[in-house]
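Engineer: I have a structure I would like to understand better, so I am pasting it below and will then ask my questions one at a time.
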Amino acid sequence: MSSPSDRTSAAASHSPGEVLALISSGAVATRADIARITGMARSTVSQRVDALIAHGLVDEDADGGSTGGRPPRRLALRTREHAVAGVDLGASHCRVALMDIGGATLAVQEEPISIGDGPDSVLRHVERTVRTLLDEAHRKPETLRSIGVGVPGPVEFSTGRPVDPPIMPGWHQYPIPEFFAARFGVRALVDNDVNVMALAEQRRAFPDCRYLLYIKVGTGIGCGIVADGQLHRGAQGCAGDIGHIRVADLDDPCRCGNSGCLEAVAGGASLAAKLVGLGLDATSGSDVVRLVQSGNRDAVRMVREAGRAVGEVLAGLVNFFNPDTVVMGGALAAVHDQLLAGVREAVYRRSHPLATQLLRIEPSRTGENAAAVGAGILAIEHALSPAQVNRQVAG
């Protein structure tokens, strides 16, 4: 049993950042709530809350619910002076979402770019877009608190630098965080695009889900992993690279130099090339989608076969990881009826019954904004982290 001194020490340990986390999550609404939940003295609660109000992080207003006497005052995250940017960089597009730290989307802009133009050109475009969106949303540049960036390649998350990204020539070890720090004076967090997509799905579409796999089937194939409610990146940040797992009995050549990789069998670029071989006009996964939606039998057959191939690999992941939700996203998810039919067929045939008993296999609910919103959520969670808030309050 803990002593009174232990309880006093534990109560005093709740920092301003931890108090803000309680407020922003909705766990508390008043100072009395904070005192009850944390065990802190009312004077300590007042010190913490007053510091958060003084630094523009919290609002305290009467809620009008009193029926007599002094009306209760409710605490809420202050969002007006705090914004983040979520950046989705694809092979041929740039989508930027400006959000407040409460998670509301203020403005979104997408434009075509070529990731092969290199980091200087692409990131200058991102900078201009962020400034344009801040202006459109009537937010001053100094209200920007952090930036999240999703890129289509492997990233060393601790440094935010891409590592040998196959479709990003000139980006290897480029210091993306330093680029934005020099221009906006804020921290930029950089991650693989499928990771931020997984974050968006779990936080926005499946908040009750603790163990989620997000499978992106586009030009390539990747997997974002949410374990116990948190992104799992692995030791070096490259967890989830399932596109180069070998599919049994198939020998399609892959751009990685091996053969029979899942990406070479079921990726959008591979399917487009196979359709070209049949005399059809297809150069990308989007063209495959167009052909399926127009009822082309060869395209429908290939997408369903691709779903089975993805399902073969996914069945092993389901047995190993035991997720409660699998989300299918990426370009080919636009024809999810055909894709998911093949995926479900293989997963339920080859996975253990206990692992599939309550398993959901669903199309993406966040859609085309998944990566930009997920990158924005990454930025918000950094800006509201107790350590970052404590630094802000301290000076």
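Engineer: Taking region 248-280 on its own, how many of its residues are without any contact (Cβ under 8 Å) to a residue 24 or more places away in the chain and outside any loop (DSSP other than H, G, I, E, B)?
Structural biologist: Filtering region 248-280 down to residues without any contact (Cβ under 8 Å) to a residue 24 or more places away in the chain leaves 249, 251-254, 257-261, 264, 270, 272-273, 276-280.
Now restrict to residues that are outside any loop (DSSP other than H, G, I, E, B): 253, 259, 261, 264, 270, 272-273, 276-277.
Total meeting the criteria: 9.
Engineer: If I filter region 1-38 down to residues being among the polar types (S, T, N, Q) and closer than 22 Å to Ala76 by Cα, which single residue comes out as modelled with the lowest pLDDT?
Structural biologist: So the first thing to find is which residues in region 1-38 are among the polar types (S, T, N, Q), and the list is 2-3, 5, 8-9, 13, 15, 24-25, 30, 38.
Add one more test, that the residue is closer than 22 Å to Ala76 by Cα, and what stays is 13, 15, 24-25, 30, 38.
Values: Ser13: 61, Ser15: 94, Ser24: 94, Ser25: 92, Thr30: 95, Thr38: 93.
In this case the residue turns out to be Ser13.
Engineer: Which condition breaks for Pro154 when tested against (1) touching a residue at least 12 places away in the same chain (Cβ under 8 Å); (2) under 30 Å from Leu22 (Cβ atoms)?
Structural biologist: (2)
Engineer: Next up: Taking the condition of being assigned to a loop (DSSP other than H, G, I, E, B) and more than 14 Å from Arg187 (Cα to Cα), how many residues in region 141-169 meet it? Don't jump to the end; show me each part of the working.
Structural biologist: Residues of region 141-169 assigned to a loop (DSSP other than H, G, I, E, B): 152-154, 157-160, 163-169.
From what is left, the residues that are more than 14 Å from Arg187 (Cα to Cα) are 152-154, 163-169.
Total meeting the criteria: 10.
Engineer: Taking region 12-38 as the region of interest, how many residues are free of Cβ contacts under 8 Å to residues at least 60 places away in the same chain and surrounded by 15 or more Cβ atoms within 10 Å (Cβ to Cβ)? Working first, answer last.
Structural biologist: First, the residues of region 12-38 that are free of Cβ contacts under 8 Å to residues at least 60 places away in the same chain: 12-14, 19, 22-23, 25-38.
Retained after the next criterion (residues that are surrounded by 15 or more Cβ atoms within 10 Å (Cβ to Cβ)): 14, 19, 22-23, 28-31, 33-35, 38.
Qualifying residue count for the region: 12.
Engineer: Looking at region 223-252, which of its residues are of a type in the set (D, E, K, R) and in contact with a strand residue (DSSP E or B) (Cβ under 9 Å, 6 or more places away or on another chain)?
Structural biologist: Step one: filter region 223-252 for residues of a type in the set (D, E, K, R), giving 228, 233, 241, 246, 249, 251-252.
Residues satisfying the conditions are Arg233, Asp241, Arg246, Asp251, Asp252.
Residue-wise test of (1) under 17 Å from Leu262 (Cα atoms); (2) among the hydroxyl-bearing types (Ser, Thr, Tyr); (3) in contact with a Lys or Arg (Cβ under 8 Å, 6 or more places away or on another chain).
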| position | (1), (2), (3) |
| --- | --- |
| Ser284 | yes, yes, no |
| Val292 | no, no, no |
| Gly311 | yes, no, yes |
| Leu314 | yes, no, no |
| Val318 | yes, no, no |
| Val327 | no, no, yes |
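Engineer: Scan region 161-207 residue by residue and report those that are out of contact with any strand residue (DSSP E or B) (no Cβ under 9 Å at 6 or more places or on another chain), more than 15 Å from Thr366 (Cβ to Cβ) and not small (Gly, Ala, Ser).
Structural biologist: Hits for region 161-207 are Asp164, Pro166, Ile167, Pro169, Arg183.
Engineer: Tally time: how many residues in region 122-140 are assigned to a helix (DSSP H, G or I) and either touching a Pro at 6+ places or on another chain (Cβ under 8 Å) or surrounded by fewer than 14 Cβ atoms within 10 Å (Cβ to Cβ) (or both)? Steps first, please.
Structural biologist: Going residue by residue through region 122-140, those that are assigned to a helix (DSSP H, G or I) are 122-136.
Within this subset, residues satisfying the condition of being either touching a Pro at 6+ places or on another chain (Cβ under 8 Å) or surrounded by fewer than 14 Cβ atoms within 10 Å (Cβ to Cβ) (or both) are 124, 128, 131, 134-136.
Qualifying residue count, region 122-140: 6.
Engineer: Take Lys216 and decide whether it is crowded, with 22+ Cβ neighbours inside 10 Å and in the same structural domain as Val318 (by TED's automatic domain parsing).
Structural biologist: Working: crowded, with 22+ Cβ neighbours inside 10 Å: yes; in the same structural domain as Val318 (by TED's automatic domain parsing): yes.
Answer is yes for this residue.
Engineer: Which residue, of Asp59, Asp88, Asp50, Asp33, is outside the structural domain of Met168 (by TED's automatic domain parsing), of a type outside the set (Val, Ile, Thr) and part of a strand (DSSP E or B)? Spell out how you get there, then give the answer.
Structural biologist: Working: Asp88 fails: outside the structural domain of Met168 (by TED's automatic domain parsing); Asp50 fails: part of a strand (DSSP E or B); Asp33 fails: part of a strand (DSSP E or B).
One residue alone meets the criteria, Asp59.
Okay, residues lined up against (1) farther than 20 Å from Gly268 by Cα; (2) touching a Gly at 6+ places or on another chain (Cβ under 7 Å); (3) assigned by TED's automatic domain parsing to the domain that holds Gly90; (4) surrounded by fewer than 20 Cβ atoms within 10 Å (Cβ to Cβ):
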position	(1), (2), (3), (4)
Asp287	no, no, no, yes
Ala299	no, no, no, no
Leu314	no, no, no, no
Val326	no, no, no, no
Val335	no, no, no, no
Tyr348	yes, no, no, yes
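Engineer: Working carefully through the options Gly116, Gly102, find the one that is surrounded by fewer than 21 Cβ atoms within 10 Å (Cβ to Cβ), part of a helix (DSSP H, G or I) and either of a type in the set (Asp, Glu) or not assigned by TED's automatic domain parsing to the domain that holds Ser25 (or both). I'd like the intermediate steps shown before the answer.
Structural biologist: Details: Gly102 fails: part of a helix (DSSP H, G or I).
Sole residue among the options that is surrounded by fewer than 21 Cβ atoms within 10 Å (Cβ to Cβ), part of a helix (DSSP H, G or I) and either of a type in the set (Asp, Glu) or not assigned by TED's automatic domain parsing to the domain that holds Ser25 (or both): Gly116.
Engineer: Okay, moving on. Looking at the structure I just gave you, is His138 at pLDDT 95 or above and farther than 21 Å from Arg187 by Cβ?
Structural biologist: In short, yes.
The values are calculated or read from the model by the stated rules, or taken from the named source; none is laboratory data. Values in this document were obtained by computation on a predicted structure and should not be read as measured data. No Cβ is skipped: glycine too gets one built from the backbone with ideal geometry, and neighbour counts run over all protein chains shown.
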